[in-house]
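Encoded as structure tokens, the structure appears first; notes follow it.
The values are calculated or read from the model by the stated rules, or taken from the named source; none is laboratory data. If you're wondering where the values come from, they're calculated on a predicted model, not measured in any experiment. When we count neighbours, we look across all protein chains shown, and the Cβ atoms used for this are built from the backbone with ideal geometry, even at glycine. These area figures cover heavy atoms from the full protein model, side chains too; ligands, DNA and RNA do not enter into them. Shrake-Rupley method; radii C 1.70, N 1.55, O 1.52, S 1.80 Å.
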Amino acid sequence: MIELSCVTKRYGGVTAVEELTVTVADGEFAVLIGPSGCGKSTTLRMVNRLVPLTSGTIRVDGTDVGSRAPEQLRREMGYVIQSVGLFPHMTVAGNIAVVPSLLKWPRQRTEARVDELLDLFGLDPSSYRDKYPRQLSGGEAQRVGVARALAADPSILLMDEPFGALDPITRETLQTEFSRIQRELGKTIVFVTHDIDEAIRLADRIVILREGRLIQHDTPEKILTHPANRFVLEFIGSDRALKRLSRMKTSDHMRPTASVKVMDSLAGAGAIVMRNGFAWVTCGEGVVRGRLDGQTLTGGAATAGEAMIPVNRGLEVIPADASLREALSRMVQRGLRNAPVADEKGRLVGEISLEDILEA
Amino acid sequence: MPPLLLPRKVPLTASVLGLGSSLLLGFVTFRANRLAAGEAIRLLQTGPCGGPVLMAAWIILATTSILKIPERWVNFTLGLLPGALVPTALKVAGGQAERTALASGDIARVSLGAAFWVSLFAAAVIMLDAWHTGGLRRKLTLFSATLGIAVTVYLMVSGEMSHLSILREFINRRERFTGELMAHLALSSSAVGMAVLLGLPLGILAHRKARLRGGAFFVLNTLQTVPSLALFGILIPLLAALTSRFPVLGEAGIQGIGTAPALIALTVYSLLPVARNTFAGFSSVDPAAVDAGRGMGMTGSQLLVRVEFPIASPIILNGIRVALVQAIGLTAVAALIGAGGFGVFIFQGLGQAATDLVLLGAIPTNLIAAAADALLNGLIGVANPRGLR
Ligand SMILES: Nc1ncnc2c1ncn2[C@@H]1O[C@H](COP(=O)(O)OP(=O)(O)OP(=O)(O)O)[C@@H](O)[C@H]1O
Ligand SMILES: [Mg+2]
């Protein structure tokens, strides 16, 4: 747990951070966000004592950081910066092994850890271990930067715009990858960004700063639905409703649905269609194949499979783990009022309608 | 019809230079005694067969450089001949000296003449060009140059050349020579050692403290522009005054003339390249790497040893290389204030108008400067971290 209470930092006449009180719970992903120069980096760097406080206290797991030896403290926290700062004269393995070597880990343990981390970040150890930083792409370098911060398995990770220097596609890949890793590791993370989409995508709680002051500290949902003031409103932008949807998973908002099998007789299927207005048609394993509604019943077909309107699996079936924003986008694109929701194997698990999304 | 001529400019120019100088200038100089006026003897006026052989070598080199012939032949000729030419030229000069000694007695002197030096230079140019050409020609050059140097050393040591004036000067001063060699090496290396001890922290400090930077480099730059003789001149009365004021300094061996002022002056000159390159090396370290290192919990000294110094080391070593080459040259001047070293021979020779004595000081000075240069360059190659290349 990280507790900042009444933390102030002044540089001469400039107040970088003013009376900031924020608590980050264990295992929480906290994102610091705000316009340039609002004191995000300063706040982050006060936590690991790279910047001394002017006044106030910062406690980590109940202990005042001011009472700890700075080097000791920093070895227990991962630290990642936008410019990565890999050591150019060391290999990837050497870079990742920096903190373990400061902690004097035995060689075998360090080597095993390096390979484990490279695997975790999707970098094949045998080909990346001995590369030098200048041989890496921006995305690979940043993965190594994050792996390096995780090397000694710190419980706290401080990240200062780690994906800021990457192109949008690489950035999104790394964000997705990193949320997966975070779900596995459950670290306490303080993450600085000025990209609101990144904040909403990753954060458990967002801290919005302006000119060194705390403006709002809340979950992304709350910030999107109840922005504290005009500044927050403007900061999150006019598409905040859509942003909110991007936080929601389709599986949390879908509802159970009626389905018939391809081989079912049209007569039997008809009863279900009459009751629900329509029904999804699935094949043996439950994979969605088509849709039956009142009009399709009137043809001369014998089975549901013959009468159904086929469903485009790639475009009209919503994956259960997709965000509502993505579901909405697909439905608007295909002109659907409701769509089937399927698991990763394509099996029908429910349905979602425009009404469901509007109510979410 | 394919063109008959394909001039290779560098070897062509060099071999024409070698040929022309051998035809027109004196290959060795004859003097009735050590201080008498010299009389130039051209290559073809020397002994029976040496002269024509050397001339033929130059003609072959020149024609190879201009004719369109298979590249293999060119490689063999340009790669092997220059290396063989150097000891041959020395042998020709040595032979002439020996015959002269027999004919005119031991007080007559034969020294190396302009054509010999120009030929040496021209051969070196062809070898350097071959080195840059690379491939087979480079390998052959390396082979012939190594062999050439070995034979040259053998000729010098075996006594075959002992009638040449420069070796006569050497033989007369054999003990002195070793002593001055040691003095020269000791003085220049301890000056650079001092400069490293002072310049490393100074350069690091200049990197860390912006306020110090301007002043420190202004002083060092200014000192660097003071002519060495003037600096020695200033130090003599200064140290003399100091020792008369504090006799304990005198007892410690510090005098107005001799090693002390020379060491101080040489250290001052070496300080700028060392400090400046240390500063440049540390400035070349990405601030993000330093920030990351601190953020991961490195102490100041761990950061210095594990991150900043390894990244800066090639640039720092380059500064030490410059300082060392410069100090070896300046040490020769320091002989003027009684610090010893090869400058002793140079200034004695100048005083006596004995060119060969001057060369006895100047040639080894240049050789050790070149050796120091090569040594440090090798070290830079080894120290340069792979990730930075
Ligand atoms: N070392 C320093 N000396 C003086 N002022 C500083 C120093 N570091 C930061 N500041 C000032 O403190 C304020 C906050 O800086 P900080 O780096 O924390 O901003 P930030 O929110 O991280 O901005 P950005 O998004 O541009 O990185 C700025 O006004 C900055 O100019
Ligand atoms: Mg910042």
Exercise for the section: Under 12 Å Cα to Cα from A:K261, which aspartates and glutamates show up? Leave out anything in the same chain fewer than 8 places away. Expected result: A:E285, A:E306
Practice task
Would you list the membrane-span-like helices of chain B, meaning whole DSSP H runs whose alpha-carbon atoms span at least 24 Å along their axis and whose mean Kyte-Doolittle value is at least -0.5?
Solution key: B:50-66, B:71-104, B:114-133, B:135-158, B:174-208, B:228-245, B:259-283, B:309-334, B:355-383
Problem - Shape of the stretch A:47-110, Cα gyration tensor, a/c cut at 1.5 - result: oblate
Handout entry: Distance violations [Cα-Cα > 25 Å] among A:K243/A:K345; A:K40/A:K187; A:K40/A:K131; A:K9/A:K222; A:K9/B:K209; A:K187/A:K222
Key = A:K243/A:K345; A:K40/A:K131; A:K9/A:K222
Completion exercise
When A and B pair up, the total accessible heavy-atom area removed from solvent (1.4 Å probe), in Å² to nearest 100, is 2000 Å²
Exercise for the section: Mind giving me the nanometre distance, one decimal, between the label points for A:R180 and B:I69, set 7 Å out from Cα along Cα→Cβ? Expected result: 6.8 nm
Completion exercise
Any GluC sites (Glu not before Pro) in the stretch A:243-323 that lie in a DSSP loop and have at most 12 other Cβ atoms within 10 Å would be A:E285
Completion exercise
Given a Förster distance of 25 Å, the FRET efficiency implied by the Cβ-Cβ spacing of B:S189 and B:V248, rounded to the nearest 0.05, works out to 0.40
Completion exercise
For the A:K131, B:S283 Cβ pair and Förster radius 22 Å, calculated FRET efficiency rounded to 0.05 is 0.25
Exercise for the section: Whole number in Å², please: accessible area per residue of chain A, 1.4 Å probe, ligands, DNA and RNA not counted. Expected result: 45 Å²
Exercise for the section: Determine which residues of the stretch A:205-224 fall in the zone a paramagnetic label at A:T8 would reach in this model, i.e. backbone nitrogen under 15 Å from the point 7 Å along Cα→Cβ. Expected result: A:212-214
Fill in the blank from the handout: Note on chain A: alpha-carbon gyration tensor, axes a ≥ b ≥ c; rule is a/c under 1.5 for rounded, else prolate if a/b larger than b/c, else oblate; result prolate
Fill in the blank from the handout: Whole-percent carbon and sulfur contribution to the accessible surface of the stretch A:18-136 (1.4 Å, no ligands, DNA or RNA) stands at 46 percent
Completion exercise
In terms of the alpha carbon gyration tensor, root eigenvalues a ≥ b ≥ c, rounded if a/c is under 1.5 and otherwise prolate when a/b exceeds b/c or oblate, the stretch A:217-323 is prolate
Practice task
Give the carbon-plus-sulfur fraction of the accessible surface of chain B in %, rounded to a whole number; probe 1.4 Å, heavy atoms of protein chains only.
Solution key: 71 percent
Fill in the blank from the handout: Per DSSP loop assignment and a cutoff of at most 13 other beta carbons within 10 Å, chain A keeps its longest run without exposed trypsin sites (Lys or Arg not before Pro) at A:105-336
Practice task
Post the alpha-carbon centroid distance, the stretch A:325-356 to the stretch A:23-67, in whole angstrom.
Solution key: 42 Å
Problem - Value of [θ]222 nm, deg cm²/dmol, for chain A, DSSP H segments ≥ 4, -39500 (n - 2.57) each, nearest 500 - result: -10500 deg cm²/dmol
Exercise for the section: Would you mind working out the accessible area per residue for the stretch B:174-388, using a 1.4 Å probe, and quoting it in Å²? Expected result: 45 Å²
Exercise for the section: Enter the mean number of other protein chain beta carbons within 10 Å of the beta carbon of each residue in B:377-387, as an integer. Expected result: 2
Exercise for the section: Anything losing 50 Å² or more of accessible area from the isolated chain to the full protein assembly: pick those residues out of the stretch A:74-95, probe 1.4 Å, ligands and DNA/RNA ignored. Expected result: A:R74, A:Y79, A:F87, A:P88, A:H89
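What does the charge count near A:P100 come to, summing +1 for each Lys or Arg and -1 for each Asp or Glu among other residues with Cβ under 9 Å from its Cβ?
Working: positive: A:K104, A:R109, A:R113; negative: none.
Neighbour charge sum, excluding A:P100 itself: +3.
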Practice task
May I ask you to give the solvent-accessible area per residue for the stretch B:9-170, in square angstrom, as obtained with a 1.4 angstrom probe?
Solution key: 48 Å²
